Amino acid sequence: MARILSGIQPSGTLHIGNYFAMMKPMIELQEKNELFCFIVNYHALTSVADADELRKNTIDAALDFLALGLDPEKCFFWVQSDVPEVTELTWILSCHTSLGLLERSHSYKDKIAKGITPNTGLYTYPVLMAADILLYKSQIIPVGKDQKQHIEITRDIAGSFNARYGEIFVIPEPQISDDIAVIPGIDGQKMSKSYDNAINIFEDEKSLKSKVMKIVTDSKPVDEPKDPDTCNVFAIYKLFAGREGTQTMADRYRKGGVGYGEIKKELLGLILDYFRPFKEKRSLLSSDLGEVYAILRKGADKTKKVARETLDEVKKAVGINY
Ligand code: ADP
Ligand code: TRP
């Protein structure tokens, strides 16, 4: 039984890229593993400076996970800030992390390139993420491809810490599924909460329709054969269609005679059907938020016990206990 951990930032509304790359694999993994799944609100604080928005996104992310099938009885499910031991470990790790390691972070460099004025939290973001992973001695980290370097940084930090103080941390492995490594948004760029190109999981029907119809394609006419492998609509279609449905659609593309408008309509139907039962569950859950808060508190209590054990071990190793 492997110990698996992953987290998601409540920095916006969760989208189908988040779902297929991280949430769905996590929900499936809860059956046969020791699963740690959490909402990383301290990470989101590096980019969200509105308290009400952060609070709302946090509870919305919890509702999304529970509606989509995460079972708090089968896993550890909590909000990052409810186990503040992680910030203590972050400080200890940051005293053992070279500046050079963080300077090489793509995600930091990308954000700077986009013109974001960086705060120190954005710079040390990977150290907090390393603390998330190492605090729970996690073995496997299911994430999208964009997080691969963060896991490598975690491995580096853990390796040098262990070399100095003994085998305290488990060196984690990323788990990245190749076919869903990067899901495109409606503009063809990586789908992201922050690029205004996302199809949200619980999008209402009207706005879902408008987004699907806007997915960028080439301008090949109906009759002409088309290439499924370079098409943004197909990249999203195959997430919902299953193996056979995907194959049939790929054949229709290559043969010609089907237009993008028609394919988009079929895609819309698939998305609506896929999320319909989850939508009903979500609206039920959101009518009793007290119950959701109680689930999160209970999850944090359970998680804290694991966190304390590692933190005590680390403090003893570095000489912070006296
Ligand atoms: P976002 O870029 O939307 O803010 P996050 O950085 O919070 O998303 O990512 C949460 C999880 O979802 C991570 O595991 C990330 O790799 C995955 N993910 C996010 N967007 C995509 C995408 N477009 N394709 C594949 N995986 C994604
Ligand atoms: N940085 C991750 C993201 O943006 C979120 C995250 C924080 C995370 N801590 C984690 C993912 C620990 C996996 C494990 O997607």
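The values are calculated or read from the model by the stated rules, or taken from the named source; none is laboratory data. Quick caveat, the model's predicted, so the values are computed rather than measured. All Cβ positions, even for glycine, are placed from backbone atoms using ideal geometry, and neighbour counts span all protein chains on display. The accessibility values were calculated without ligands, DNA or RNA, using every heavy atom of the protein model including side chains. Shrake-Rupley method; radii C 1.70, N 1.55, O 1.52, S 1.80 Å.
The table for this structure:
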{"item": "Relative contact order for segment 202-283, counting Cα pairs under 8 Å that sit 6 or more residues apart, in percent", "result": "38"}
{"item": "Heavy-atom SASA rank of 92, 116 (probe 1.4 Å, accessible area, largest first)", "result": "116, 92"}
{"item": "Longest DSSP-loop-exposure-free segment, GluC sites (Glu not before Pro), the chain, at most 12 other Cβ within 10 Å", "result": "168-322"}
{"item": "Cα-based shape type of segment 1-48, given that a ≥ b ≥ c are square roots of the gyration tensor eigenvalues and the cut on a/c is 1.5", "result": "oblate"}
{"item": "Shape category assigned to segment 202-283 from the gyration tensor of Cα positions, a/c cut at 1.5", "result": "prolate"}
{"item": "Tensor-based shape of segment 1-104 (alpha-carbon gyration tensor, a/c under 1.5 rounded, otherwise prolate or oblate)", "result": "oblate"}
{"item": "Accessible-area value, residue 271, 1.4 Å probe, nucleic acids and ligands omitted, Å²", "result": "10"}
{"item": "Extension reserve of the residue 243-residue 214 stretch, reckoned as 0.36 nm per residue once the Cα distance is removed", "result": "7.9 nm"}
{"item": "Solvent-accessible ranking of 78, 91, largest area first, probe 1.4 Å", "result": "91, 78"}
{"item": "Part-to-part distance (alpha-carbon centres) for segment 77-95 and segment 101-160, which is given in Å", "result": "14"}
{"item": "Accessible surface of residue 230 - all protein chains present, 1.4 Å probe, nearest 10 Å²", "result": "100"}
{"item": "Fraction of accessible area attributable to carbon and sulfur, segment 188-259 (%, probe 1.4 Å)", "result": "46"}
{"item": "Sulfur and carbon atoms: percent of accessible area, segment 10-134 [1.4 Å]", "result": "56"}
{"item": "Net charge, residue 254 excluded, C-beta distance under 9 Å - Lys, Arg +1, Asp, Glu -1", "result": "+1"}
{"item": "Helix 205-214 vs. the chain, principal-axis angle (Cα, 0 to 90°, nearest 10)", "result": "80"}
{"item": "Acute angle (nearest 10 degrees) that the helix 289-318 long axis makes with the longest principal axis of the chain, alpha-carbon atoms", "result": "50"}
{"item": "Estimated 222 nm signal from helices in the chain, with DSSP H stretches of n ≥ 4 weighted -39500 (n - 2.57), rounded to 500", "result": "-18000 deg cm²/dmol"}
{"item": "Accessible area per residue, Å², the chain with all protein chains present, probe 1.4 Å", "result": "49"}
{"item": "Viscosity 1.306 mPa s, temperature 10 °C, Stokes-Einstein D of the chain from Kirkwood C-alpha radius, µm²/s", "result": "75"}
{"item": "With all protein chains modelled, accessible area of residue 52 [1.4 Å, Å²]", "result": "110"}
{"item": "Restraint check, 32/190; 56/281; 56/109; 148/209; 206/264, Cα-Cα greater than 22 Å", "result": "32/190; 56/109; 148/209"}
{"item": "Accessible heavy-atom area order of 3, 55, 308, 243, highest first, probe of 1.4 Å", "result": "243, 55, 308, 3"}
{"item": "Net charge contributed by nearby residues that have their C-beta within less than 12 Å of residue 272 (K/R +1, D/E -1)", "result": "0"}
{"item": "Helix axis angle, 120-135 relative to the chain longest principal axis, alpha carbon, degrees", "result": "80"}
